[in-house]
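Chemist: One structure, as C-alpha cells, below. Some questions next.
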Amino acid sequence: MDKSKRPFLKSKRSFRRRLPPIQSGDLIDYRNMSLISRFISEQGKILSRRVNKLTLKQQRLITTAIKQARILSLLPFLNNEKQFERTESTAQTLGLRPRNK
C-alpha cells in the first residue's frame, strides 16, 4: 500500500516542550513569596493545577505553602479592597446605625 493512499494517518507534528514553572532548584516554602505569588490569582485564589502546569506533588506543596503564608499573614486571604471599605450605604443595607461621636 502506498503512503500517499493512507487517508486516516496523521502527520507527526513537532511541538516545543514548555519549560516547567518551577525549576528543580526552586525551594517551595511559605517564605519564598516571589514563587508563591505566581500561583495566586488577582482575587487571591489559588490557581488550579491545569492553569499552573504543575505536577501533583508540586501543587500540593504550593497549596500548603500558600495556606501557611496566609495564616502567618504574609499573604491576604482575600485580595479585594472594595470589600473592606465600609460606607454609609452598606451600613444602611446591613441595618447598622451610624456612630455618633
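The values are calculated or read from the model by the stated rules, or taken from the named source; none is laboratory data. Bear in mind the structure is a predicted one, so any value in this text is a computation, not a measurement. Cβ placement follows ideal geometry from the backbone for every residue including glycine, while neighbour counts extend to all protein chains displayed. SASA here: full protein model, heavy atoms, side chains in, ligands and nucleic acids out. Shrake-Rupley method; radii C 1.70, N 1.55, O 1.52, S 1.80 Å.
Chemist: Which count do you get for residues in segment 21-35 that are touching a residue at least 24 places away in the same chain (Cβ under 8 Å), open to solvent by less than 90 Å² (accessible area, probe 1.4 Å) and assigned to a loop (DSSP other than H, G, I, E, B)?
Modeler: Qualifying residue count for the region: 6.
Chemist: Still on this structure, please answer the following. Counting only residues that are over 20 Å from LEU74 (Cβ atoms), part of a helix (DSSP H, G or I) and either under 9 Å from the mean Cα position of the chain (by Cα) or of a type in the set (A, V, I, L, M, F, W, C) (or both), how many does segment 36-63 have?
Modeler: Residues flagged as over 20 Å from LEU74 (Cβ atoms), part of a helix (DSSP H, G or I) and either under 9 Å from the mean Cα position of the chain (by Cα) or of a type in the set (A, V, I, L, M, F, W, C) (or both) within segment 36-63 amount to 3.
Chemist: Is there any pair linking a residue in segment 52-79 that is within 13 Å of ILE40 (Cα to Cα) and in contact (Cβ under 8 Å) with a residue 12 or more places away in the chain to one that is surrounded by 13 or more Cβ atoms within 10 Å (Cβ to Cβ) and acidic (Asp, Glu), with Cβ under 8 Å and at least six apart or on different chains, and which?
Modeler: If the second residue must be surrounded by 13 or more Cβ atoms within 10 Å (Cβ to Cβ) and acidic (Asp, Glu), the pairs left are ALA65/ASP29.
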